[in-house]
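Asker: My questions will all concern the structure given below.
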Amino acid sequence: MKERTFLNIIDPVKDKMYRLALRLLTSKEAAEDATQEVILKLWSRKERIKHYANVEAFAMTVTKNYCLDQLKSKQNSHLRIVHQNYQSHATSLQTKVELSDEMDWLQKIVETLPEQQKMIFQLRDIEQYDYDEIAEITEMNQTAIRVALSRARKAIRENLIKKHNYGIS
């Protein structure tokens with residue numbers, strides 16, 4: 001097989017190979033290196049390539065296996081660690097402020113609820129008690145608990161919607 005024929009076969013697949021390598025290795029440089037290495041491997045097997053029914057599937061399988069081998073090897077064990085340094089999973093300051101504000105609003109709304117609804121909301125949605133335990137604590141019937149909880153949630157939802165839609169009309 002000549003070089004031009006090989007390139008005509010590999011050219012349509014190399015972008016897919018790179019994207020797969022990038023997804024697995026998470027580093028552009030490592031993905032580019034992996035793609036080049038796989039193309040070299042395929043070149044070394046160029047005489048056998050024409051016998052494969054689906055060259056693209058074969059190339060993708062070789063790419064996947066090469067990348068997995070790279071991730072297992074000691075020389076590239078730092079790839080994921082280095083990449084994670086660039087992606088902060090920490091909550092942004094703006095998100096923290098918004099969550100804090102939202103929790104303050106929620107607390108204010110809950111404070112306006114009737115005592116019974118406030119207590120049931122606290123026990124069920126915050127403390128995560130089940131209905132049997134709440135019935136035992138409050139000495140109420142489960143149906144009454146469900147009704148009170150539903151009313152509390154509805155009041156909270158309506159107040160939050162009113163707050164979020166303030167000034168929008």
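Asker: For the range 135-169, which residues satisfy the criterion of being surrounded by 13 or more Cβ atoms within 10 Å (Cβ to Cβ) and within 35 Å of the chain's Cα centre (by Cα)? So that I can check it myself, show each step before the final result.
Answerer: Of all residues in the range 135-169, those surrounded by 13 or more Cβ atoms within 10 Å (Cβ to Cβ) come to 135, 137-138, 140, 144-149, 151-153, 155-156, 159-160, 163.
Of everything in the range 135-169, those that are surrounded by 13 or more Cβ atoms within 10 Å (Cβ to Cβ) and within 35 Å of the chain's Cα centre (by Cα) turn out to be R146, L149, R151, A152, R153, A155, I156, N159, L160, K163.
Asker: Provide a single number: the residues in the range 20-57 that are in contact (Cβ under 8 Å) with a residue 12 or more places away in the chain and either open to solvent by less than 80 Å² (accessible area, probe 1.4 Å) or part of a helix (DSSP H, G or I) (or both). Even if it seems obvious, please write down each step before you answer.
Answerer: Of all residues in the range 20-57, those in contact (Cβ under 8 Å) with a residue 12 or more places away in the chain come to 20-21, 24-27, 30-32, 34-35, 37-39, 41-43, 46-47, 49-50, 55-56.
Filter once more, so that each one left must be either open to solvent by less than 80 Å² (accessible area, probe 1.4 Å) or part of a helix (DSSP H, G or I) (or both): 20-21, 24-27, 30-32, 34-35, 37-39, 41-43, 46-47, 49, 55-56.
Here the count works out to 22.
Asker: Any idea which residue in the range 118-134 is most open to solvent (accessible area, probe 1.4 Å), counting only those that are farther than 19 Å from K108 by Cβ and aromatic (F, W, Y)? Give the derivation first.
Answerer: To start, the set of residues in the range 118-134 that are farther than 19 Å from K108 by Cβ comprises 123-124, 127-134.
Within this subset, residues satisfying the condition of being aromatic (F, W, Y) are 129, 131.
On the way: Y129: 81, Y131: 40 Å².
For the range 118-134, the residue satisfying everything is Y129.
The values are calculated or read from the model by the stated rules, or taken from the named source; none is laboratory data. Values in this document were obtained by computation on a predicted structure and should not be read as measured data. No Cβ is skipped: glycine too gets one built from the backbone with ideal geometry, and neighbour counts run over all protein chains shown. Remember, those area values only see protein heavy atoms, side chains included, never the ligands or the DNA or RNA. Shrake-Rupley method; radii C 1.70, N 1.55, O 1.52, S 1.80 Å.
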